[in-house]
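To start, the structure under review is shown below, and the notes come after it.
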Amino acid sequence: MESLKEKTARGLLWGGLSNGLQQLLNLVFGIFLARLLTQSDYGMVGMLAIFSAIGTVLQEGGFIAALNKRKNPGHADYNSVFWACTMASLVFYLLLFGCAPLIARFYGIPELTPLARFVFLNFLIASLNVAPRAMLFRQMRVRETAIVSLISLFISGIVAVGMAMRGFAYWGIAAQTIVYNVFVTLLSYYFTGWRPTLPVNFRPVREMFGFSSRLILTNLCNVVNNNFFSVILGRLYTPVDVGNFTQANKWTTMGHSLITSMVYGVAQPVFTRVEDDIERQRKVFRKLLRFTAFICFPLMFGLMLTAQEFIVILITEKWLTSARIMQVLCVAGAFLPISNLFSNLIISRGHSSVYMWCTIALCVTEIAVACLLAPFGLTVMVSAYVAVQVAWLFVWHHYAYLEIGVRLKEVVRDIAPYLMLTLVLTAAAHFLTRPIESLYLRFAAKVLFVAATYISSLWCLHSVILREAVDFLLHRKANND
């Protein structure tokens, strides 16, 4: 039997490899699509993002986390979740199907009616895989989850690019997510071997609903908050403005989700397994905190440093406006994985109500600040959003302290070395590479300088996280040999 430490390390390794490959595929397909499509094409789908995201939250119902929290869930638990999510998603789809003309009228774009009805199929299909995904998540089968995601992403990307090349425009983007969810569903059932049955007993769902309902409300607030700018820009401005923001948000999200998804795959299950030992849980939390800071700061601030070169090289100068928005969003992206780690701790402790109210307060604050600053332009709005997001870490810490007694000075001590080193290196790279005229050479110089000096500096400073990561990788290689 693997120790919890070994299982966590293996989960992080597979999560990192999986998400790295996923982002690489997203990068490749994103380049093709951005070159083939226009800002308006992305804007069309971006306007519907909030509605499909709300539907996804409602169909999942928070039951993946609820099943993870449940003691020894059996077939009856997963079966009741499957039927409840499927029935609920069918109702939501029919409701949104009828509301599609109203959504199109809100934006003043009639073409949105058929597009919306097609896009909303996503959460109907996704509801079918909630139970098997929850099983993979609880069992920490990160390898199988990685294979599911990679195969689905590759096939859906091929479909999207093929449709875009044949002139289907924004329909290619819409079809990409549909195909992705279809293959995630099929492969999840293949790897788990689980199948729904009749009759069904909804008692487990009723028992879990108190916990999961608070997660539903919380995730709804997150959806509204994450898609707020797309809705406002779609209402006040043109699809081009929405497209520029959507593109910037897309690349930024690819960056921070690489770490968030990797840590999420192990954090909540691990926290749940050591919940009866506060001291051990605090040690596990702090180690994951250091690991998250070790990865997310150089990645996100490095992306901010190279944003303009990155955008122009990959998807041409027509998207240069999105690069400036992307630089601001990268600051929030550097801290989002840490916020996510705090929230996973709170959920694993069984306090979904604390997570809910804290998230609601964050969303209301961000939206209020953004609305007040709307007259000053998009950049000011996004900057205010980022400032609130970063400052809210103190709120998350307060509740983490109440749960496991982790002090603020311990949190600062864990993340400050990685943050300060990253800021110094990115600032140095910015000034040192300014004389380089070639866009490609400047981009390569920035990446190589920050990566090489970051790793070498931590090695010379005897970073425990870096040395443990290297030792783990070498140990696995030795075992494989």
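The values are calculated or read from the model by the stated rules, or taken from the named source; none is laboratory data. Being a predicted model, the structure only gives us computed values, none of them experimental. Cβ sites come from the backbone with ideal geometry, for glycine too, and all protein chains shown count toward neighbours. Surface accessibility is based on the protein's heavy atoms, side chains included, excluding ligands, DNA and RNA. Shrake-Rupley method; radii C 1.70, N 1.55, O 1.52, S 1.80 Å.
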> Taking square-rooted eigenvalues a ≥ b ≥ c of the alpha carbon gyration tensor, is segment 318-474 rounded, prolate or oblate, where a/c under 1.5 means rounded and, failing that, a/b exceeding b/c means prolate?
Replying inline: oblate
> Going from most exposed to least, what order do Y401, Y93 have by accessible area with a 1.4 Å probe?
Replying inline: Y401, Y93
> Let a ≥ b ≥ c be the square roots of the eigenvalues of the Cα gyration tensor of segment 291-398; is it rounded (a/c under 1.5), or, if not, prolate (a/b larger than b/c) or oblate?
Replying inline: oblate
> Just how much of M163 is accessible, in Å², when a 1.4 Å probe is used and the result is rounded to the nearest 10?
Replying inline: 50
>> Once neighbouring chains are kept in place and the probe is 1.4 Å, which whole percent of the accessible area of segment 320-399 is contributed by carbon and sulfur?
In response: 74
> Cα centroids of segment 289-315 and segment 149-227: how far apart, whole angstrom?
Replying inline: 27
>> Quick check for me: using +1 on Lys/Arg Cβ and -1 on Asp/Glu Cβ, what's the dipole size of segment 325-481 about its Cα centre, in debye to the nearest 20?
In response: 180
> Given a 1.4 Å probe and the protein chains all in place, what does the accessible area of K409 round to, in Å² to the nearest 10?
Replying inline: 130
> Remind me, relative contact order of segment 247-384 in percent, using alpha carbon pairs under 8 angstrom and six or more residues apart?
Replying inline: 32
> Between segment 97-114 and segment 339-359, what's the alpha-carbon centroid distance in Å?
Replying inline: 36
> Using a 1.4 angstrom probe and counting only protein chains, how large is the accessible area of F92 in Å², to 10?
Replying inline: 50
> By the gyration tensor of its Cα atoms, with a ≥ b ≥ c the square roots of the eigenvalues, what is the shape of the chain: rounded for a/c under 1.5, prolate for a/b over b/c, or oblate?
Replying inline: rounded
